[in-house]
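As structure tokens, the structure follows; a few thoughts come after it.
The values are calculated or read from the model by the stated rules, or taken from the named source; none is laboratory data. Every value quoted in this text rests on a predicted model; they were computed, and no experiment measured them. Virtual Cβ from ideal backbone geometry, glycine too; neighbours counted across all protein chains shown.
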Amino acid sequence: MKNIVILISGRGSNMEAVVRALDAEGWPARIAAVISNKPEAGGLAFAQARGIPTAVVPSKSFATRAEFDAKLQETIDVFEPDLVVLAGFMRILTAPFVEHYAGRMLNIHPSLLPLFPGLHTHQQALDAGCVEHGATVHFVTAELDHGPAVLQARIPVLPGDTEATLATRLLVEEHKLYPRAVRLFVEDRLVVENGAVRIVEPGFDAISI
């Protein structure tokens, strides 16, 4: 039984998707805690209603990123996580923090990485004239939005799309993609070799995504 700690900063819709999938599909895991850097984060109420332990480490209370990350790490480690899931956690993490959870921290980014790391990815895709857009689940490394990709989802960019419409359509796919990736980790079906992820399918050798 693996322990999963989920980090959020807002409403936590991807967190909700992971929690609901775990419950519905009976993964060999449990959500050990949901932790936010914002006390007003809407996702905390959802977790509490489900009986999931919650904690808040207010980022505004710390003078430096290093001080915040040290307290956040201390809080996470109380729950003995096998996996840390970033679900709309709007913080740039320091290298020591990332290294502490190397190989056991996932993030979902709303672009087809390596395209458009950072913020405003939907507008970046529109400005670049992309015919498709998407989301990527990846292992977290010290380089922002550059860790090994686990899974991707793709959607077409439609005539008349705006940043808002593109984001809304993509979020539907994110809610399918992230639980699938987390389940693969829980089931020990992800192998990272030479900076790339291979997925071990039941009865088959590891395959590239």
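Collect the residues in the range 1-18 that are over 10 Å from the mean Cα position of the chain (by Cα) and not hydrophobic (A, V, I, L, M, F, W, C), keeping them in residue-number order. LYS2, ASN3, SER9, GLY10, ARG11, GLY12, SER13, GLU16, listed by residue number.
The conditions are (1) at pLDDT 95 or above; (2) surrounded by 13 or more Cβ atoms within 10 Å (Cβ to Cβ), and ALA142 fails exactly one of them. Which is it? Unmet condition: (1).
Condition check ((1) at pLDDT 95 or above; (2) buried (at least 23 other Cβ atoms within 10 Å of the Cβ); (3) not in a loop (DSSP other than H, G, I, E, B); (4) not polar (S, T, N, Q)) across all residues:
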{"site": "VAL5", "(1), (2), (3), (4)": "yes, yes, yes, yes"}
{"site": "ASN14", "(1), (2), (3), (4)": "yes, yes, yes, no"}
{"site": "VAL18", "(1), (2), (3), (4)": "yes, yes, yes, yes"}
{"site": "TRP27", "(1), (2), (3), (4)": "yes, no, no, yes"}
{"site": "ALA33", "(1), (2), (3), (4)": "yes, no, yes, yes"}
{"site": "LYS38", "(1), (2), (3), (4)": "yes, no, no, yes"}
{"site": "ALA41", "(1), (2), (3), (4)": "yes, yes, no, yes"}
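Checked against the criterion of being over 18 Å from the mean Cα position of the chain (by Cα), assigned to a loop (DSSP other than H, G, I, E, B) and exposed (fewer than 14 other Cβ atoms within 10 Å of the Cβ), the range 63-71 contains one or more residues that satisfy it. Could you tell me whether the range 48-57 includes any residue that is assigned to a helix (DSSP H, G or I) and either farther than 25 Å from HIS146 by Cα or at pLDDT 95 or above (or both)? Within the range 48-57, one or more residues are assigned to a helix (DSSP H, G or I) and either farther than 25 Å from HIS146 by Cα or at pLDDT 95 or above (or both).
Report yes if some residue within the range 99-120 is within 19 Å of GLY10 (Cβ to Cβ), surrounded by fewer than 19 Cβ atoms within 10 Å (Cβ to Cβ) and at pLDDT 95 or above; otherwise report no. Yes: the range 99-120 contains one or more residues that are within 19 Å of GLY10 (Cβ to Cβ), surrounded by fewer than 19 Cβ atoms within 10 Å (Cβ to Cβ) and at pLDDT 95 or above. Is the range 162-173 home to any residue that is surrounded by fewer than 22 Cβ atoms within 10 Å (Cβ to Cβ), in a loop (DSSP other than H, G, I, E, B) and out of contact with any Leu (no Cβ under 6 Å at 6 or more places or on another chain)? Within the range 162-173, one or more residues are surrounded by fewer than 22 Cβ atoms within 10 Å (Cβ to Cβ), in a loop (DSSP other than H, G, I, E, B) and out of contact with any Leu (no Cβ under 6 Å at 6 or more places or on another chain). Restricting to the range 169-201, give me the number of residues that are closer than 20 Å to LYS2 by Cα and of a type in the set (D, E, K, R). Counting residues in the range 169-201 that are closer than 20 Å to LYS2 by Cα and of a type in the set (D, E, K, R) gives 6. Answer with yes or no whether LEU177 is touching a strand residue (DSSP E or B) at 6+ places or on another chain (Cβ under 9 Å) and touching a residue at least 40 places away in the same chain (Cβ under 8 Å). Judged against the criteria, LEU177 is a match.
Of note, PRO96 does not satisfy the criterion of being assigned to a loop (DSSP other than H, G, I, E, B) and out of contact with any Leu (no Cβ under 8 Å at 6 or more places or on another chain). For ALA135, are the conditions met, namely being crowded, with 17+ Cβ neighbours inside 10 Å, in a strand (DSSP E or B) and either without any contact (Cβ under 8 Å) to a residue 60 or more places away in the chain or touching a Ser or Thr at 6+ places or on another chain (Cβ under 7 Å) (or both)? Answer is yes for this residue.
If you go through the range 136-163 and keep only what is aliphatic (A, V, I, L, M), under 16 Å from SER111 (Cβ atoms) and in contact with a helix residue (DSSP H, G or I) (Cβ under 8 Å, 6 or more places away or on another chain), you end up with VAL137, VAL140, VAL150, LEU151, ALA153, ILE155, VAL157.
Just one of (1) more than 19 Å from LYS176 (Cβ to Cβ); (2) crowded, with 20+ Cβ neighbours inside 10 Å; (3) among the polar types (S, T, N, Q) fails for THR54. It is (2).
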